[in-house]
Amino acid sequence: MARYIAGRIGYLIITLFIIASFTFLLMQLLPGSPFNSEKLTADQIQILKHEYNLDDPIPIQFIHYIGGMLHGDFGVSFTYDGRPVSDLIVHRIGPSATIGFEAVVFGTIVGLLLGIIAALKRNTYIDYLAMFIAVLGISIPSFVFAGLLQYYIGVKLEWLPIAFWGGFKFHIMPAFSLAVGVIANIARFMRTEMLDVLGQDYIVTATAKGLSKASVIFKHSVRNAMIPIVTILGPMVVGIMTGSLVIEQIFAIPGIGDQFVNSITKRDYPMIMGTTLLFSILFLVVILIVDILYGVIDPRIRLGGGRKS
Amino acid sequence: MDKLLEIKDLQVTFKTYAATVQAVRGVNLTVNKRETLAIVGESGSGKSVTSKAIMGLIPNPPGKITGGEILFEGTDLTKLSERKMQKYRGNEISMIFQDPMTSLNPTMTIGKQIAEGLRKHQGLSKSEARKRAVQLLDLVGIPNPQVRVKQYPHEFSGGMRQRVVIAIALACNPKLLIADEPTTALDVTIQAQILDLMKDLQAKMDTAIILITHDLGVVANMAHRVAVMYGGKIVETGTVDEIFYRPKHPYTWGLLSSMPKLHTRQSELLAIPGTPPDLANPPKGCPFAARCPHAMKVCTEFMPDYSDVSDTQQVACWLQDERAPKVEPPETIGVGGRTR
């Protein structure tokens, strides 16, 4: 097991290096430069370029960057006068991750329940209602929900603040807007998986033992139905925790999604690189965790050809 | 002989989009204590549905018991609430299923799967149930039970899994064990072992067995009495000797003839021509009439009553009527190859 994880971390580092190289090259292909202002003279631009080592040949810049990266130095931002990229990211990731985490936890729980209920009551109006909600959640974009929530709950009822970042009150509406998609996806998957599992022979065996319905459902069905859910949950967690540009804009949340898009339009190269690498690391780590989780949920999966042949 | 289970005029239907299928159409059966009753018949004859009805495992919807009684020691199981039925399942009546590869939960240790029933029905503690699970694994002939109890189903072979399934079924000393084609999915050599095990355990535990199968070799080996089902009805019942040596129903003849023989060279296997009746639209008369070589006019119009051939053998066939022509069973029914 330890050997397996060590091996996976090795691959993770190689993958990161490849991602870093590609991003670096793609970034150079972007037209324009960080210093495109008409107020600057050619000399000033030259001085700025020299200041940030942008006048070196690209391979040299690349080696510099990777060298710094290995020391944990991701460079300084071009737009935020001299502030290190790592500081800026740490500062910005908090709100995004908080809202994302709340949305994933809430969305997963509600989605699972909705899916389980729909499967148990299949082809009844409860099932149709649950799947109607799921289809709504998938087809209506989150910013529509966000707008509706702001208008009715924020403006009309004045129950919750419309925007900005503060205590838990400020999290509720953005987290819920993000959770809608999670609920919808998880519910639809869970329903299908539950129906599949409920039709399996071992469910009949469990019922034939005289177990109560609740035992059959929770001890025997849900766990087996969860296995494929874990697969979609991993990438979903990363996607949501790394911030949603739209939701962050609508609720004026100082998150990382907003920051990322800004850094691209401003050609803030170190910022683009830093954020991309952060997202990649998160993604790779979550996939690793998901793979390890498989082994925990499903005993048939032994990681890395471990102890049993 | 004490009656353990008595089924009276059981009727089960399934609703499909196209029509209502009458899977079981008035089955009467008795099972005595400690005896093995085999129910034989081809696919779709209603054998499995009958056994599922006893366990209260007919999925509703689409299935429904529309009539009749299932008396287990005098209690009508069809009238019990789901909660009360749970006290019978796995405790008084247990079931073994056809495919051991799919009938165990892949994500739960087999020890836990055996212990579940014990904890529910006998109120054992976790450690007591674990101990008993080890004993049961030993009883069904699984070597090294202390270690095996902690393992998952995928670490067992098919035959070993079926032993686990039997251990689960016998955990609470049930009075009746329903085995729904317990050996169909196994290798022939393993089949014999599993059947021997079942026989052995039956003697040890005084359990009655309903054995559902279409393998007549298994029947000859295991059963005391046989019920032959066709088209949702029982067409003939009798002791094993009566069914094998003095069968009366043309369908039983057909079944016996289609069994491959070992002592003669057959270039071709015998089959019963035609297909079973459509139970969404069952025939008025005898269900076998369309395929019966001896069918008469009356057969397609009226269902024959049961007539007693002996104290233990009943048959539903118009050939038993005194006005019918005397028909001798074909020679091909000879019980030559008792395959097993």
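Of these, A:Tyr80, A:Tyr65, A:Tyr52, which one is under 30 Å from the mean Cα position of the chain (by Cα) and at pLDDT below 80? Break it down stepwise before answering.
Details: A:Tyr65 fails: at pLDDT below 80; A:Tyr52 fails: under 30 Å from the mean Cα position of the chain (by Cα).
Answer to the selection: A:Tyr80.
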### Task
Starting from residues that are in contact with a Leu (Cβ under 8 Å, 6 or more places away or on another chain) and not polar (S, T, N, Q), keep the ones in region B:112-127 and report whichever is nearest to B:Ser51 (Cα to Cα).
B:Gly117
### Task
Under 6 Å between Cβ atoms, at least 6 apart or on separate chains: pull out the pairs that start in region B:161-182 with a residue that is not assigned by TED's automatic domain parsing to the domain that holds B:Ser48 and end on any residue that is buried (at least 22 other Cβ atoms within 10 Å of the Cβ) and among the β-branched types (Val, Ile, Thr).
none
### Task
Output the number of the condition that A:Leu211 fails; it satisfies all remaining conditions of (1) in a loop (DSSP other than H, G, I, E, B); (2) out of contact with any Asp or Glu (no Cβ under 9 Å at 6 or more places or on another chain).
(2)
### Message
B:Val240 - would you say it is more than 13 Å from every other protein chain (Cβ to nearest Cβ) and under 15 Å from the mean Cα position of the chain (by Cα)?
### Response
yes
### Unmet criterion (only one of (1) facing chain B (nearest Cβ under 9 Å); (2) on the phi < 0 side of the Ramachandran plot; (3) not β-branched (Val, Ile, Thr)) for A:Gln249
(1)
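Going by what's in this entry, would B:Ala203 be described as within 30 Å of B:Lys175 (Cα to Cα), of a type in the set (A, V, I, L, M, F, W, C) and free of Cβ contacts under 8 Å to residues at least 24 places away in the same chain?
Values: within 30 Å of B:Lys175 (Cα to Cα): yes; of a type in the set (A, V, I, L, M, F, W, C): yes; free of Cβ contacts under 8 Å to residues at least 24 places away in the same chain: yes.
When the stated conditions are applied, B:Ala203 passes them.
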### Query
Taking the condition in contact with a Ser or Thr (Cβ under 9 Å, 6 or more places away or on another chain) and more than 14 Å from chain B (Cβ to nearest Cβ), does A:Pro141 pass?
no
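With the requirement that a residue be away from chain A (no Cβ under 13 Å) and buried (at least 19 other Cβ atoms within 10 Å of the Cβ), what does region B:149-158 give you?
Initial filter on region B:149-158 (away from chain A (no Cβ under 13 Å)): B:149, B:157-158.
B:Val149 - this is the single residue of region B:149-158 that is away from chain A (no Cβ under 13 Å) and buried (at least 19 other Cβ atoms within 10 Å of the Cβ).
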### Message
Against the definition (more than 14 Å from every other protein chain (Cβ to nearest Cβ), of a type outside the set (Ser, Thr, Tyr) and more than 19 Å from B:Ala223 (Cβ to Cβ)), how does B:Val164 come out, yes or no?
### Response
no
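Give the residue, chosen from B:Pro273, B:Pro304, that is surrounded by fewer than 17 Cβ atoms within 10 Å (Cβ to Cβ), touching a helix residue (DSSP H, G or I) at 6+ places or on another chain (Cβ under 9 Å) and either at pLDDT below 85 or not polar (S, T, N, Q) (or both). Break it down into steps so the answer makes sense when it comes.
Values: B:Pro304 fails: surrounded by fewer than 17 Cβ atoms within 10 Å (Cβ to Cβ).
So the residue among B:Pro273, B:Pro304 that is surrounded by fewer than 17 Cβ atoms within 10 Å (Cβ to Cβ), touching a helix residue (DSSP H, G or I) at 6+ places or on another chain (Cβ under 9 Å) and either at pLDDT below 85 or not polar (S, T, N, Q) (or both) is B:Pro273.
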### Task
Identify all residues within region A:264-299 that are in contact with a Ser or Thr (Cβ under 7 Å, 6 or more places away or on another chain) and without any contact (Cβ under 8 Å) to a residue 40 or more places away in the chain; write none if there are none.
A:Pro299
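Can you name every residue in region B:206-218 that is farther than 21 Å from B:Leu170 by Cβ and either surrounded by 21 or more Cβ atoms within 10 Å (Cβ to Cβ) or at pLDDT 90 or above (or both)? It would help to see each step written out before you state the result.
Taking region B:206-218 and keeping what is farther than 21 Å from B:Leu170 by Cβ, we get B:214-217.
Answer for region B:206-218, where residues must be farther than 21 Å from B:Leu170 by Cβ and either surrounded by 21 or more Cβ atoms within 10 Å (Cβ to Cβ) or at pLDDT 90 or above (or both): just B:Leu216.
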### Task
Test A:Lys219 against the stated conditions and say whether it is at the interface with chain B (Cβ under 10 Å from one of its Cβ atoms) and under 20 Å from B:Pro153 (Cα atoms).
yes
### Message
I'd like the residue in region B:52-106 that is β-branched (Val, Ile, Thr) and surrounded by fewer than 22 Cβ atoms within 10 Å (Cβ to Cβ) and, out of all such residues, is farthest from the other protein chains (Cβ to nearest Cβ).
### Response
B:Thr66
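Determine, yes or no, whether B:Gln146 is in a helix (DSSP H, G or I), within 13 Å of another protein chain (Cβ to nearest Cβ) and among the polar types (S, T, N, Q). Full working, then the answer.
On the way: in a helix (DSSP H, G or I): yes; within 13 Å of another protein chain (Cβ to nearest Cβ): no; among the polar types (S, T, N, Q): yes.
So B:Gln146 does not fit the description; no.
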### Query
Mind checking whether some residue in region A:165-186 is β-branched (Val, Ile, Thr), assigned to a helix (DSSP H, G or I) and within 14 Å of chain B (Cβ to nearest Cβ)?
no
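The values are calculated or read from the model by the stated rules, or taken from the named source; none is laboratory data. All values derive from a computational prediction rather than experimental measurement. Please note: Cβ atoms are built from the backbone with ideal geometry, for glycine as well, and neighbour counts cover all protein chains shown.
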